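These notes concern the structure reproduced below.
A short reminder: the numbers here are calculations on the coordinates, not readings from a lab. Keep in mind that this is a model prediction, so the values were computed, not measured. So basically every Cβ, Gly included, is an ideal-geometry build from the backbone, and we count neighbours across all protein chains shown.
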Amino acid sequence: MQVYAVYYEQSGRFLLGSKLKKGYYFYNSSTGKGEIKPNGQPLNGGGNFALPGGKREGTEPITTAARREFTEETAAIIKEIETKEQTFSSGAYSAAYFKIADSNFNTTVTNIIKTNLPQGLKARDDIINRTITAYNQIHQKYPQAPQDNELEEAYVWDVTDPEDWAQILKWKDDPVIGWYYEILEYLKLHILN
């Protein structure tokens, strides 16, 4: 099952990423080891918007899996004030909704946007240029880089903003990112209200 983390604050703002077309380094939490892919590995949904997320490991709880995936992809720790979870489409995917205090939300997303993801891109470039040749070199040189090289950028969107919601509505029947619409609709209609 796929799990996604919705990192949001009460006004409706949430963290949204854009996914790279290829990833160049990855962390395996079940083995505790990482590996680099010098030629890159195509990513599912690459080049599209994305919520942080990935595969749930075995019987891992939804919230635990979503928290782990969020940290692996953003290098940020979730310090929520409330958590809810929801499973969609007959169990095909789930989301954990992490409500964050405004000040923590602002600080964390700023770090993700301005430091963590840019360091991940620098590490990717070093892998492509062969100046990083082993996974353990990544965090020696770029200590705030994510464990996984999947997100290119991140943004703060708002499910209550008409322009942002109009864009999200376009995803509704998209076979590649349609589930993000369903996850965010649930945030807007069932969690914020």
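Would you please name the residue that is farthest from the chain's Cα centre (by Cα), looking only at residues in the range 96-123 that are hydrophobic (A, V, I, L, M, F, W, C) and more than 29 Å from residue 60 (Cα to Cα)? Talk me through it step by step, then tell me what you get.
Step one: of the range 96-123, the residues hydrophobic (A, V, I, L, M, F, W, C) are 96, 98, 100-101, 105, 109, 112-113, 117, 121, 123.
From the residues that got through so far, the ones that are more than 29 Å from residue 60 (Cα to Cα) too are 121, 123.
Values: 121: 15, 123: 18 Å.
This residue is 123.
Quick one: is residue 53 surrounded by 16 or more Cβ atoms within 10 Å (Cβ to Cβ), under 28 Å from residue 176 (Cα atoms) and of a type outside the set (Asp, Glu)? Yes, satisfied. Among the residues making up the range 44-70, those that are charged (D, E, K, R) and in a loop (DSSP other than H, G, I, E, B) are 56, 57, 60.
Comparison of 88, 98 shows that the only residue that is hydrophobic (A, V, I, L, M, F, W, C), surrounded by 18 or more Cβ atoms within 10 Å (Cβ to Cβ) and over 18 Å from residue 19 (Cβ atoms) is 98.
Residue-level check: of (1) farther than 24 Å from residue 111 by Cβ; (2) part of a strand (DSSP E or B); (3) in contact with a helix residue (DSSP H, G or I) (Cβ under 7 Å, 6 or more places away or on another chain), residue 41 misses just (3).
Every residue, every condition in (1) loosely packed, with under 14 Cβ neighbours inside 10 Å; (2) β-branched (Val, Ile, Thr); (3) assigned to a helix (DSSP H, G or I), yes or no:
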residue: 126; (1), (2), (3): no, no, yes
residue: 131; (1), (2), (3): yes, yes, no
residue: 137; (1), (2), (3): no, no, yes
residue: 144; (1), (2), (3): no, no, no
residue: 148; (1), (2), (3): no, no, no
residue: 154; (1), (2), (3): no, no, no
residue: 166; (1), (2), (3): yes, no, yes
residue: 173; (1), (2), (3): yes, no, no
residue: 181; (1), (2), (3): no, no, yes
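Scan the range 13-38 for residues that are under 17 Å from the mean Cα position of the chain (by Cα) and not in a strand (DSSP E or B) and jot them down. Step through it out loud before you land on a result.
If we filter the range 13-38 for residues that are under 17 Å from the mean Cα position of the chain (by Cα), which is where we start, we get 13-29.
Across the range 13-38, the qualifying residues are 20, 21, 29.
Looking across the range 73-103, the residues that are more than 26 Å from residue 27 (Cα to Cα) and in a helix (DSSP H, G or I) come down to 89, 90, 102, 103.
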